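To keep things clear, I will list the structure first and then write my remarks on it.
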Amino acid sequence: GWSNAPATETPVVLRYQDQTFELMARHSSEQMLVRMGEENREITLRSASSGVLCIIDRGVRQRCQYQRHGDDLYLQLLGRAVMVTDVTHQPAAGATNSGSGRIQAAMDGAIIDVPVRAGQVVKQGDTLMVLEAMKMEHPVKADRDGVIRDLFAGVGDQVKRNQLLAEVEAGQSADTGTDS
């Protein structure tokens, strides 16, 4: 709707591989202005439908396929497949935030690697499986420290989104000796 108030800028923090990008985004109707550092870059949204986004960036019309799962955004743009993660609202580094231990598939795909085994001690963030989807490899990570109680998928298995892949039991540690 119409508003006489100026558009407000919203901070957005994205992670791509090991890099973090701090952006300021301002949008109204079909136009979005994204500022990264000193670079102002105007992106015009022309249409958005389920899984497809058409944008005009620097005068060039581009078609981008996307899929979002939680904070992860998977993009297919200009022949490249990338994943960026919105870390804007994630806790600061060092803050403990462990999950349920029920590891589910983020999307439909095929398991192409399982570098762990049941009974193995893992740390939060360790890769438990690698899922191939949308011509990209997506690591499936432990959401807490513990021991792998069970693995429900193996190499070559086709899995569905939200399918249970593994269970990590908390409270276990690599230290089995007694404290003195």
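Structure data summary
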{"quantity": "Residue check, Ala118 surrounded by 13 or more Cβ atoms within 10 Å (Cβ to Cβ) and of a type in the set (Gly, Ala, Ser)", "calculated": "no"}
{"quantity": "Flag for Leu128 being surrounded by 13 or more Cβ atoms within 10 Å (Cβ to Cβ) and over 14 Å from the mean Cα position of the chain (by Cα)", "calculated": "yes"}
{"quantity": "Residues that are assigned to a loop (DSSP other than H, G, I, E, B) and modelled with pLDDT under 95, drawn from region 119-153", "calculated": "Lys123, Gln124, Gly125, Asp126, Met134, Lys135, Ala142, Asp143, Arg144, Asp145"}
{"quantity": "Whichever residue in region 57-92 is farther than 16 Å from Asp108 by Cβ and of a type in the set (Ser, Thr, Tyr) and, among such residues, is surrounded by the most Cβ atoms within 10 Å (Cβ to Cβ)", "calculated": "Thr85"}
{"quantity": "Looking only at region 131-147, and only at residues there that are among the hydrophobic types (A, V, I, L, M, F, W, C) and within 20 Å of Ser98 (Cα to Cα), the one that is surrounded by the fewest Cβ atoms within 10 Å (Cβ to Cβ)", "calculated": "Val147"}
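The values are calculated or read from the model by the stated rules, or taken from the named source; none is laboratory data. Every value quoted in this text rests on a predicted model; they were computed, and no experiment measured them. Neighbour counts run over all protein chains shown; Cβ positions are idealised from the backbone, glycine included.
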